[in-house]
Amino acid sequence: MKVRNSLRSVKNQPGSQVVRRRGRTYVINKRNPRLKTRQG
């Protein structure tokens, strides 16, 4: 699965995880809730 470069930098933060919902790719972070991004 291709992940956009903008997501890749957020994905490497501690506590973040890549989640697929309804055909979209999200990066969410429980430790730092401000880090949310979406692709697609």
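The values are calculated or read from the model by the stated rules, or taken from the named source; none is laboratory data. This one's a predicted model, so the numbers in the text were calculated from it and none came from an experiment. Here the Cβ is made from the backbone with ideal geometry for all residues, glycine too, and neighbour counts use every protein chain on show. In case anyone asks, the SASA skips ligands and DNA or RNA and just uses the protein heavy atoms, side chains included. Shrake-Rupley method; radii C 1.70, N 1.55, O 1.52, S 1.80 Å.
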* Structure fact -> Under 5 Å from the placed amide H of Ile28, counting only residues 5+ away or on other chains, we find Gln17, Val19
* Solvent-accessible ranking of Thr37, Thr25, largest area first, probe 1.4 Å -> Thr37, Thr25
* What stretch of the chain, leaving out the sites themselves, is the longest with no trypsin sites (Lys or Arg not before Pro) in a DSSP loop having at most 15 other Cβ atoms within 10 Å? -> 5-21
* Asked: Rounded to the nearest whole Å², what accessible area per residue is found for the chain with the 1.4 Å probe?
  -> 82 Å²
* To do: May I have the extent of the alpha carbons of the chain along their three principal axes, as whole Å values ordered from largest to smallest?
  => 24, 19, 13
